[in-house]
Every structure is written in structure tokens, then in C-alpha cells.
Amino acid sequence: MILNALFFYLFAGVTVASAFMVIASRNPVHSVLFLILAFCNSAGLFVMLGAEYLAMLLVVVYVGAVAVLFLFVVMMLDVDFVELRQGFLQYLPIGALVGIILLVELLMGLGAWVIAPDVLNHGAEPMPALTEMSNIEAIGNVLYTKYIFFFQVAGLVLLVAMIGAIVLTLRHKEFVKRQSIAAQVARNPSTSIEVRKVESGKGI
Amino acid sequence: MSEMTHLPDLMPVLPELFLAVGAMVLLMIGVFGGPRSSAPVNGIAMGLIAVAALFVLPFGAKLGETFGGSFVLDEYAYFLKLLVLVGSFFAIAMSWAYAKSQSFDKFEYPVLIVLATIGMMLMLSAGDMITLYLGLELQSLALYVVAAINRDSVRSTEAGLKYFVLGALSSGMLLYGMSLVYGFTGHIGFNAISEALSHEGASIGLVIGLTFMLAGLCFKISVVPFHMWTPDVYEGAPTPVTAFLAAAPKVAAMGLLVRVVIEGFQPVTHDWQQVIVFVALASMALGAFAAIGQTNIKRLIAYSSIGHMGYALVGLAAGTEKGVEGVIVYMALYLAMTLGVFACILSMRRKTGMVEEITDLSGLSRTNLPMAVLLAILMWSLAGIPPFAGFFAKWYVFSAAVEAGLYPLAVIGVVLSVVGAYYYLRVIKVMFFDEPAEAFEKMPVELRVVLGLSSLVVIFFALMPGPIVQGAATAAGALF
């Protein structure tokens, strides 16, 4: 149990610290790297809860895809982050005050409560023991049957996100030359080679 | 697992399924049809919504719940869905002339409106917190995009970005509240939450969760203190988009809020009632005072809509069946008035382009008397002056509040509506008594139709309140 608690505090502590560094570090690339650290430690917390599939998803999807994409965007965008942060210190005191008040209120309101261990089995969809069934099988059993409606609506939400990204960013530029394979294949010497008589000493 | 193999009952979700498949077909038409397809896509989108409202919802869909209670189609959802479909239909209709003249006729616009409509219908049918959230996000994401759809205009992109950032914040609050409510009751279904609360009562944690949820939902109906985005977004977004934002999504979000607090948190009425009373008072006050200094008519309508949401919440604050009936009547009449006012704003077009200052309406009575008279009637109605519909809308919610013993709320509300009347009457004064400005371009046919229908509702509601009031009474009865 002690080992368990030790790892919990290790993962939780590093997650919170690196999450803080995401917003505090000056260099945006460092921010993204701290974000990756936060994701990896959250994955550790999931493993401790017995949700190994979610842990792997977090690493694969968030670290492998999302964070790397962030890194590309941060490197490619020419944004002066130092200038963007000009107002940060100015608003820090009032922001910190609001944050601390909220934190104290939440601690006072919720701090006295402890989750009873057996409550976890009374959820909308209790997790079967790992010896019976793996996580991925348990999720698959309900995702496409009981929760098919949520699954489909989530699909619609993603469709809207995709349409939105295209509507707001895609531009068809007139002057860009695009590859046309049909035109390339259809070329022959008579359409692409022109023979001209060149007078000596003048050029074309 | 054997019961899982049955196909869930799809009849209650038939209208949503119809619209979702239709939206995807529209996308295909748009993608393969190229730039010329925006006219047919617009027409077909209106057709889809009309068919959903006239045939699929009344004759195809069957009242009941499905997907294990996640989706509920009762008389309440039915009536409000009709309102939402009406709002979306006219929003697409009104965008047409503007889109052609301002060259933003993208075929994605009607598709996004149809998808937002599906989101709103899901919100109204939410039986648990996951459907609530998914419906809300589907609607909101589509709205963020349409607010920024005029991407070459700085104001439009600013409106979209502001709306998106604040909307994401409110979604965060909503989710946090929902997780606390789930943690302290152990249920996600509204009926199950209500059942659990009637045994256990409200713990502190639940009240905190409930407050966060209310904050998230209040953002969506833009009431004080979650209203900051409204004037900027209304002003910055292209006018047809503003017409859409002000109408159907407000009805849907209000419907959702009513269902959440009445169906899910009835046993702890006292806890949410205080929040709703405060929010209603603050919105009515801000709507009345902040609109006075506005010169832009879209900003004026934004503050007016904040005030109107406050009046509608007075009915909810009562927490009774009569109060909910008042809210539904209020939202139906608000929808009619808003669409009419935006039909007028959209026809404020000169040769040089769209104008949106109140002074541009100067002397409208001498250049276009019918429009001036109808807009004056709509303004009277918004101010709540009898015999127009707006008066009866306010009368329903205030009488419900009085019956529930909320005398101070009703009295302050009536006083604030008198203050608010000032700026509506100022618009009328500008139209009738100021020196005429240059005349507007001819009003397009579809805007005339919308303005005419809206005025019919506003003028004749007093003589024939039957359909709306009875529909609202049946709808409210389904929640209790």
C-alpha cells in the first residue's frame, strides 16, 4: 500500500508541477515538452487505477499525435510569445487571487468528502475485474451497443469540427500550379517540344 | 449481453436521424457541385428542415424514450423542437439575399446550420448529462464556425474567436459541475439524479456541482454575469448569423436549462432558485440600462436579448408548472419578435452596402412606411406594451412569479421593463420624427415574408393565443 501511495504522489506531483510549467515557461517549445511530461504522468495515474487501455491511448494519441502536432505548429508559427506574455504579470495578482479563493472554497466544500471504495462498483457501467476481461474488451462491449448513441453523436461533433477547419482555413489560390497526372501522361513530343531556328549570335 | 443485441427504438430520434443523413447528403452535393452549388444546397437545407418540422416530427417520430433513457421525446421536447426548427428555417431563408450581396455564399453555411439544429434538438431531448453535453457541443461548435464564417473580415473572425474561447471556458465549467453531480449522486440520468436527491437531500458538494452546471448553461443563454460575449459577437458576426444566434439557440439552451433544473433537481428547488432569481434580476437590470447608450442596432438587440432572457428566467424562478408554461410562451414569442426585427435589420441596405446604426433608420416612416410601422409594432411588443404579444409574454411569467410568492422579483421586473421601454421607444422616435435619411434598397421577398409572419404573430396573439398557450401548457405538463 505504501508503495502504491508513493507512486500516486510521485505521478500526481510531477503532473501538477509540469502542468504549471506549461503556462509558466518562457519558451513555447519547453511548454509543449512539459505538456508531454504531464500526459505521461497522467498515463501513470491511469495505470494505477487499472485502466491500462486508457493509459496507452493517452500516450499514443496525446503524446504521439497531438503534442507532436503542437510542437510542429509552435515551431512553424512565427508568433512572438514573449510579446504575447506582456500582460501576463499584470493580470497575475488578480488571477492568482481568484484562483486561490476558488481553491479554498472547493477544499472547504469538498475536502471533507472521501470516496468510499465500494462506490466505484456502483457507477453507470462498473468496470469488470482485469482477471475476467481486459479493459479494451469491456469498453468495446458497451461502446457499440449501449452507448452507440453517444458514439454517433460524438462522430457528428467531429464532423462539424472538420467542416469548420476547412471553411475557416482552406483557400484555393489561383496562381498555384497543381500537378495534373492526366495532362502529364497525355504529353507527347509534338505538344511539348518546339523547334525554332536560332540566328547565330542573337539567341532567342 | 443478450439484451444488447436488440436494435434500440429509433422512432423517437427519427427527425434527428433524418436531418443528420440530410446534412451529409448536402455536404456531398456541395463538394461535388463546386461553387455553383450554394443555391441548391441552401434550398435543400430549408426543405430538409421544413420536412422535419412538418412530417417527420409530427407523423414519423413517436413520443417515448430510447437508448436507455438517454434520449427523451416528450411533449416538452416536441413543442420546443418545433420552435427551433422554425427558427433555423427562417435563419437560412433570411441569409440568402445577404449572402449574394456580400459574397459569403458558401455552401457550408446551411450545412452547419442544419448540424447546429441537430445539436439543439438533442439538447432538448437530453435525458442524461452525456446527451446534454454532446448536444451542446454539437450546437456550439457549429455556431463558433458560422460566427467566424466571413473569414476575411477582422470583426467576424474576432467574434468567432471570442465566442470560441469563452464558450470553451463555459463548457469546462459545465463539465466540472457535471462530474461533481455524478460523484455526489452516482447517476447521470436526470430522473435518477432527482430520485437520489429526494432520498438524500443536497450535500455541499452537490450544490457546488449544481452551481457550476448553472454557470455553464447560463453562458449559453447569455445572462448576467455570463453575458460579456453577447454584444461583441452579435455586432461582429455577419447579420444573418446574428439573426440565427439570437433566435433558435436561445430557445434550445433555455429549454435545456429548464429541463435540467426541473427534471433533475426538483427536490433541491430551493438551492437553484436563488441562483436563478439573482441571474434574472441582474440580466433584466443590465438589459434595461446598458442598452440605453447603444448606437449600433445589433448591439442594442444584443442587450435587449440579455434582458429578455432575464424576463424568461423569472418564470423559471417560480419553479412551478405555470412558471415553465410562461417560459415556453415567452420563448415562442421572443422567437417571433426576434426574427421580425432581424428581417428589418437585414433590409437596412443602401447602394454602398449594409448599414447598422440606429441613426440610419431616421425618418423611415417617410421613405418606407410599411416597414416603419411593422418595426414600430415589433419594438412596442419587445418593450412589453399592450395589446402586442410581448406584453402577454411578460404577463405570463410575472403572474407565475407572483403566484409562487416572489413578489419582489415581479415588482422589480415590471419596473425594469418600464426602464427598458425607453430605448425601444427611442428607435420608434428616430423612425417617425427625425429628418429622413437616404432610403434603403428594396426589401427582398423572403424578408417581407418573415417580417409579415412575425408581425401577424405579434399583433394577433392577443386575439388568438390558443395554439401557442395550449402547446406550452401541454409541454410544461410533461415535465411535472
Label-point separation, B:His199 to B:Gln470 (7 Å along Cα→Cβ), nm: 4.2
Treating the angle as unsigned and between 0 and 90°, give the value, to the nearest 10°, between the Cα long axis of helix A:148-169 and the longest Cα principal axis of chain A. 40
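I need the trypsin sites (Lys or Arg not before Pro) found in segment B:43-143, filtered to DSSP loop residues with at most 16 other beta carbons within 10 Å of theirs.
Loop-located and lightly packed - B:Lys62.
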Anything losing 10 Å² or more of accessible area from the isolated chain to the full protein assembly: pick those residues out of segment B:184-233, probe 1.4 Å, ligands and DNA/RNA ignored. B:Phe184, B:Gly186, B:Ile188, B:Ser203, B:Ile204, B:Gly205, B:Ile208, B:Phe212
Taking the Cβ of B:Ala192 as the centre, find all other residues whose Cβ is under 12 Å away and add up their charges (Lys, Arg: +1; Asp, Glu: -1). -3
Given the candidates B:Pro35, B:Gly183, B:Cys218, the one whose Cα lies deepest towards the positive end of the charge dipole of segment B:11-478, counting +1 at each Lys or Arg C-beta and -1 at each Asp or Glu C-beta, is B:Pro35
How much length, in nm to one decimal, is gained on full extension between B:Ala168 and B:His270, taken as 0.36 nm per residue of separation minus their Cα-Cα distance? 33.8 nm
Give me the accessible area per residue for chain B, probe 1.4 Å, as a whole number in Å². 35
Summing -39500 (n - 2.57) over every DSSP H run of at least 4 in chain B, dividing by its residue total and rounding to the nearest 500, the 222 nm mean residue ellipticity is -24000 deg cm²/dmol
Please report Rg over Rh for chain A, where both radii come from the alpha carbon positions and Rh follows the Kirkwood definition. 1.19
Taking Lys and Arg as +1 and Asp and Glu as -1, residues besides B:Ile292 with C-beta under 13 Å from its C-beta add up to +2
Where the only charges are on Cβ atoms (+1 Lys, Arg; -1 Asp, Glu), what is the dipole of chain A about its Cα centre, to the nearest 20 debye? 1280
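Count, for each residue of A:142-153, the Cβ atoms from other chains sitting within 10 Å of its Cβ, then give me the mean as a whole number.
Details: counts 2, 0, 1, 6, 7, 4, 4, 12, 7, 1, 6, 14.
That works out to 5 on average.
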How big a patch of accessible area, both sides summed and in Å² to the nearest 100, lies buried between B and A at a 1.4 Å probe? 2800
So, with +1 on the Cβ of K and R and -1 on the Cβ of D and E, and no other charges, what is the size of the charge dipole of chain B about its Cα centre, to the nearest 20 debye? 1280
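How high is the FRET efficiency from A:Ile181 to A:Leu3, r the C-beta distance, R0 51 Å, rounded to 0.05?
0.25
Quick check: at a probe of 1.4 Å, how many percent of the accessible area of the protein assembly as shown sits on carbon and sulfur atoms? Display every interim value, and only then the final one.
Numbers: 22650 of 32280 Å².
Looking at the protein assembly as shown in its full context, I get 70 percent from C and S.
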Tell me, what is the FRET efficiency for B:Thr352 and B:Val411 to the nearest 0.05, using R0 = 45 angstrom and their Cβ-Cβ distance as r? 0.40
Assuming R0 = 56 Å, what is the FRET efficiency of B:Ser153 and A:Ile136, from their Cβ-Cβ distance, to the nearest 0.05? 0.75
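Please give the net charge around A:Ala165, taking every other residue with its beta carbon less than 15 angstrom from that of A:Ala165, where Lys and Arg add +1 and Asp and Glu add -1. List each step's numbers first, then the result.
Numbers: positive: A:Arg171, B:Lys106, B:Arg151; negative: B:Glu108.
After counting each charged neighbour, the total is +2.
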In the structure shown, do any of B:Lys100/B:Lys162; B:Lys81/B:Lys220; B:Lys106/B:Lys250; B:Lys100/B:Lys351; B:Lys298/B:Lys394 have a Cα-Cα gap over 20 Å, and if so which? B:Lys100/B:Lys162; B:Lys106/B:Lys250; B:Lys298/B:Lys394
Could you rank A:Met108, A:Met162, A:Met21, B:Met284 by how accessible they are, 1.4 Å probe, largest area first? A:Met108, A:Met162, A:Met21, B:Met284
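The values are calculated or read from the model by the stated rules, or taken from the named source; none is laboratory data. On a predicted model such as this, the values are computed, not experimentally measured, just so you know. For neighbour counting, all protein chains shown are included, and Cβ atoms are generated from backbone atoms with ideal geometry for every residue, glycine included. Please note that ligands, DNA and RNA were not included when accessible areas were found on the heavy atoms of the full protein model with its side chains. Shrake-Rupley method; radii C 1.70, N 1.55, O 1.52, S 1.80 Å.
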